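The values are calculated or read from the model by the stated rules, or taken from the named source; none is laboratory data. Being a predicted model, the structure only gives us computed values, none of them experimental. FYI the Cβ positions are ideal-geometry reconstructions off the backbone, even for glycines, and counts take in every protein chain you see. Calculation scope for accessible area: heavy atoms of the full protein, side chains included, ligands and nucleic acids excluded. Shrake-Rupley method; radii C 1.70, N 1.55, O 1.52, S 1.80 Å.
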Amino acid sequence: MKRNNLFPTPLWHIEGTPQQLIDELYRGAYVVKEKYPSETKSNQGGYHSPSLEWNNFHPEGIELINETVGKAIESNFKITEWWYNINGKGHGNHPHNHGGVDYALVWYVTDSDRLLHLMSPFPQRRSESGDHISIAAQKGDIVIFPADLVHYVMPNQRDTDRISISMNLQLC
């Protein structure tokens, strides 16, 4: 007898962003916040920058993403857009997905505190984790998952901002 897993859902968790780059991305979040007003997307409070052009991203960040993400997903891709999320205390994101692209990427500029939850595409199936899982990512970690997977971010409970960079990836 052979067991097959039907319709698996990939998830990549990449660790090891250099601290200097994370520090620069952290400062960059507040520069963007000063320059652009917040948009309302899935955010419940907090700051959501407008979608920004990939060629305006941090040069070392572009290099790291191109190298590590391409190696992880084993495919050519392009970043169609990226944006900052800055969630203060009590701020989070409603359930949503990123339609029209292949993968969503979250790069943690601060710790995730297990606030990102991915909902099962098969909620009627029973599993050990129930109908969602939380992702334990640390500052500097990159998480990639299918863009059509519904996900949400629980409200930040810390007194300090929780900062992440989100990106949409399209396979080429």
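Before moving on, here are some points about what is shown:
- Neighbourhood charge, 15 Å Cβ-Cβ cut-off, centred on Val101 and excluding it, Lys, Arg +1 and Asp, Glu -1: -1
- Overall dimensions of the stretch 36-117, expressed as equivalent-ellipsoid semi-axes from the Cα gyration tensor (√(5λ), whole Å, largest first), are 23, 15, 14.
- Taken along its principal axes, the alpha carbon cloud of the stretch 55-98 reaches lengths of 36, 22, 16 Å, longest axis first.
- Fraction of the pair-distance distribution of the stretch 75-149 above 21 Å, Cα-Cα pairs, percent: 33
- Chain lengthening between Ala72 and Phe7 when straightened (0.36 nm per residue, less Cα-Cα): 21.5 nm
- Report note on the peptides 55-61, 67-73: ranked by the mean count of other C-beta atoms within 10 Å, highest first, their order is 67-73, 55-61.
- Fraction of alpha-carbon pairs over 19 Å apart in the stretch 1-76 - percent: 57
- Between the stretch 66-111 and the stretch 1-44, the Cα center-to-center distance that results, in Å: 4
- Our analysis of the chain gives Rg over Rh at 0.96, with the two radii drawn from alpha carbon positions and Rh computed by the Kirkwood formula.
- Fraction of accessible area attributable to carbon and sulfur, the stretch 80-172 (%, probe 1.4 Å): 50
- Accessible area in square angstrom per residue, the chain, 1.4 angstrom probe: 57
- Reachable lysines, given that their alpha-carbon falls under 23 Å from the alpha-carbon of Lys33 and they are not under 8 places away in the same chain: Lys41, Lys89, Lys139
- Rg over Rh, two decimals, the stretch 123-172 (C-alpha only, Kirkwood Rh): 1.00
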